[in-house]
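Undergrad: What follows is a single structure, and I will ask about it in a moment.
The values are calculated or read from the model by the stated rules, or taken from the named source; none is laboratory data. Nothing here was measured: the structure is a model prediction, and the numbers come from that model. Positions of Cβ are generated from backbone atoms using ideal geometry, with glycine treated the same way; all protein chains shown enter the neighbour counts. Just so you know, the surface numbers come from the protein's heavy atoms only, side chains and all, with ligands and any DNA or RNA stripped out. Shrake-Rupley method; radii C 1.70, N 1.55, O 1.52, S 1.80 Å.
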Amino acid sequence: MFSCDQAVYSARCDDGYWWLPPSCRANATKCVPWITGGTGWDTEQFMQKFAILNMPIGIAIAASWTDYSQLPLSVDMPFYWWSPDPTFLELNPLVVKFGDHNSREFSDGLMSSAAAQATISTVVSQDLILLAPIVRTFADDFDLPLSEMDAMLLDQKTTQDTWEEVTCRWIKANEATWRKWIPDESECFPGFGLYDS
């Protein structure tokens with residue numbers, strides 16, 4: 001629901017379940033079903049995209065997490081998803097791309113371009129570089145590609161092994177990757193000289 005000049009608008013679902021864009025309102029059988037979950041994650045954004053871009057895609061909000069996570073596994077359909085997350089990894093889903101994010105339009109309430117990308121950053125105490133420079137350097141150099149994260153998530157989902165077992169397997173199989181994250185022990189940091197125990 002959004003507000004515009006004191007008027008309040010809400011999605012109209014004639015059958016009580018599906019919102020249909022103008023492109024397939026006259027004949028619902030021409031609509032492709034698309035689901036989201038929760039409280040209707042990003043529903044307004046996708047209503048705009050499907051209407052403005054003339055896409056015949058009807059929107060429904062799954063009644064529960066179980067429904068949301070099971071429907072795409074049993075019916076070939078598009079769905080709302082985020083990454084990294086193991087819920088639909090075995091489907092090897094494709095991403096539908098929209099035009100580059102337009103922050104000005106989004107701030108004005110027009111959401112037909114792609115959503116802004118979320119940034120995942122390493123956040124540490126501001127004095128960590130002084131207290132534990134090796135740890136800070138490791139955190140700065142840590143770079144796990146999304147494909148590697150997805151592989152670990154899928155491994156855990158399919159094997160039902162613990163996260164510790166999955167992580168251990170990844171560490172043993174990817175030494176060349178994580179070795180690059182470990183700082184050079186011969187590098188001196190301010191206030192931390194070399195010491196041979």
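Undergrad: Can you run phi through the Karplus equation (6.51, -1.76, 1.60; θ = phi - 60°) for the stretch 85-95 and list ³J(HN,Hα) in whole Hz, with x for Gly and Pro?
TA: 6, x, 3, 10, 4, 5, 7, 6, x, 9, 8
Undergrad: How much mean residue ellipticity at 222 nm does the chain get from its helices, if each DSSP H run of length 4 or more adds -39500 (n - 2.57) and you divide by all residues, to the nearest 500 deg cm²/dmol? Intermediate values should be presented prior to the final figure.
TA: Details: 8 runs with 68 residues, N = 197.
Value at 222 nm, helices only: -9500 deg cm²/dmol.
Undergrad: Then there's this: Binned at 5 Å from 0, what are the whole-percent values of the Cα-Cα distance distribution for the stretch 65-143, short to long?
TA: Spelled out bin by bin, the stretch 65-143 gives 3, 11, 15, 11, 11, 13, 14, 11, 8, 3, 1 percent.
Undergrad: Largest first, what is the accessible-area ranking of 36, 43 with a 1.4 Å probe? All intermediate terms of the calculation are to be shown ahead of the outcome.
TA: Values: 36 0, 43 25 Å².
Greatest to least solvent exposure: 43, 36.
Undergrad: How much of the accessible area of the chain, probe 1.4 Å, is carbon plus sulfur, in whole percent? Please list the in-between numbers first.
TA: Details: 7740 of 13890 Å².
Percent of accessible area from carbon and sulfur atoms in the chain: 56.
Undergrad: Next up: So between residue 66 and residue 127, what do we pick up on full extension, going 0.36 nm a residue minus the alpha carbon distance? Walk me through the numbers on the way to the answer.
TA: Working: separation 61, 0.36 × 61 = 21.96 nm, distance 4.38 nm.
Net length gain for the segment: 17.6 nm.
Undergrad: So how many Å³ per residue does the convex hull of the Cα atoms of the stretch 25-72 work out to?
TA: Hull volume over Cα atoms, normalised by residue count, gives 76 Å³.
Undergrad: Over all directions, what mean area does the Cα convex hull of the chain project, stated in square nanometres?
TA: Details: hull surface 68.3 nm².
Taking the Cα atoms of the chain, their convex hull projects to 17.1 nm² on average.
Undergrad: To the nearest 10 Å², what's residue 103's accessible area with a 1.4 Å probe?
TA: The accessible area comes out at roughly 80 Å².
Undergrad: Going by accessible area, probe 1.4 Å, with all protein chains left in place, what is the ranking of 17, 68, largest first?
TA: Numbers: 17 165, 68 0 Å².
Accessible-area ranking of 17, 68, largest first: 17, 68.
Undergrad: Let me ask something additional. Give me the net charge for the shell around residue 123: Cβ to Cβ below 12 angstrom, other residues only, Lys and Arg +1, Asp and Glu -1.
TA: Working: positive: 136; negative: 140.
Combined, the nearby Lys, Arg, Asp and Glu give 0.
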